[in-house]
Structures are given as structure tokens and as C-alpha cells.
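Report on one structure; see the data block that follows.
The values are calculated or read from the model by the stated rules, or taken from the named source; none is laboratory data. None of these values were measured; they are calculated from a predicted model. Ideal geometry is used to build each Cβ from the backbone, glycine not excepted, and the neighbour counts take in all protein chains shown. Ligands, DNA and RNA are stripped out before the accessible areas are found, and what is left, the full protein with its side chains, is counted by its heavy atoms. Shrake-Rupley method; radii C 1.70, N 1.55, O 1.52, S 1.80 Å.
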Amino acid sequence: MKKLFAFVSAMLIALPALAQGQFQYTELKPPQTVETDAKKIEVTEFFWYGCPHCYNLEPYIERWQKTAPADVQLRRIPAVFNQRWGHDAAIFYTLEALGLVDKLHRPLFDAIHRDRLDTANAEAFSQWLQKQGVDPKKFMETMKSFGVQSKTKRAVQLTTAYKIDGTPAMAVQGRYTISADQARSQQGMMDTVNYLVEQVRKAK
């Protein structure tokens, strides 16, 4: 009986370590300042519209959002490694400025990966905007605005600060990052996010 009790006790002590070993992630040093309400845990997605792996992750993020706890908030940051990625980052922040992220974020992903839309082709992109009921002229003017350009430059800084070297990648509360290689699968990415959210919650 004593041996059984000792075995069970040892297993209970080992469980947290086993759970931690199940997930791969990187602890950020130094941690980054989050922009979400202090009462909430910030989960950040680094993505690029042209990234097929980001596109494949999107349905998992959408499902996760629907069941995410009330104290968790998703923040999207378009990763920027070069001018081409910067162009698409500006598109995202323009959608955000016009209040169109919820309406057009997923359809834009679909158009790029399913319909082969080239966002760098001004004429083709303008036609796509018109089909979505968006004034291309207003969109382009907003895209050149100080606010959008400032956020795009900030995205460049955050990509570096979070040590992002590829997409998709996720971060939790500015303390931890998860790369695609570490996650190994879309569901693995979201499971690791949930695990890290729980660790942050416990530490609060």
C-alpha cells in the first residue's frame, strides 16, 4: 500500500513536467509589452496573407476564437520581412482602419490562395475590392495614411522584437512564442496556445 501511495504521489508531482514536455515553445527574453487590457491575456498571431500555412491555420484560429475564455483576446500582427510583406501588412491595417477585418480578412485569404489574387497587382486588387463593395480609391488613400504607415512600421519592429523568423507564429502575453516547427500541426499550435494561456493565468 505504501509503495502504491508513493507511486501515485510521484506521478502527481511528475504530471506538470510531463505536460510541459508535451509542448514546445520559446520563452521571450526580454518579454514584450502587450497592448491588450491588463485584465486579459493577449494571444498574438503573426501571419502573412501570402503564406499558405497561415491560410491553413485560419480555420483553427476561427474555431478557437469562438470558444476562447472571456479573459483571452486575440491580436493579429502581420509579420514583415521585406517590402512585399510590408505591402500586405499595410493592406491588413487598412482593413482594420476601415472596420473591415471581420468582414474581409478571411475572404482576402480565400481570394489569394483559392482564386490566385495578386495583391501587388493594383488593377486586380481594385477589382476585388469593388466586388466586396469597397471603394478602391478610398482604400488606397487610407493605405497611404499616416496611421496605417505607422502601424506597418510598428509591425516591422514587433516582428524583430518577438524574434519571428517565419509564419505562422503565435505569441502569448508577450512572454512566449510558438513557431510552426515547434507546433508541428495546426491543432498542435492551438493546443500549445491553450497550455501557455493557462500558465499565464496561474501566474497572475
For segment 103-204, the accessible surface attributable to carbon and sulfur atoms (probe 1.4 angstrom, ligands and nucleic acids excluded) amounts in percent to 48
At a 10 angstrom cut-off on C-beta neighbours, averaged per residue, how do the peptides 25-31, 193-199 rank from highest to lowest? 193-199, 25-31
Looking at the chain as a GNM with Cα springs under 10 Å, which of 191, 135, 165 has the largest mean-square fluctuation? 135
Could you give the dipole magnitude of the chain about its Cα centre, charging the beta-carbon of Lys and Arg +1 and that of Asp and Glu -1, in debye to the nearest 20? 560
Roughly how many Å² is the accessible area per residue of the chain, as a whole number, for a 1.4 Å probe? 57
Restricting to Cα pairs below 8 Å that are 6+ residues apart, what does the relative contact order work out to for segment 68-204? Please round to a whole percent. 23
Two-decimal Rg/Rh across the chain, once Rg and the Kirkwood Rh are taken from alpha-carbon atoms: 1.07
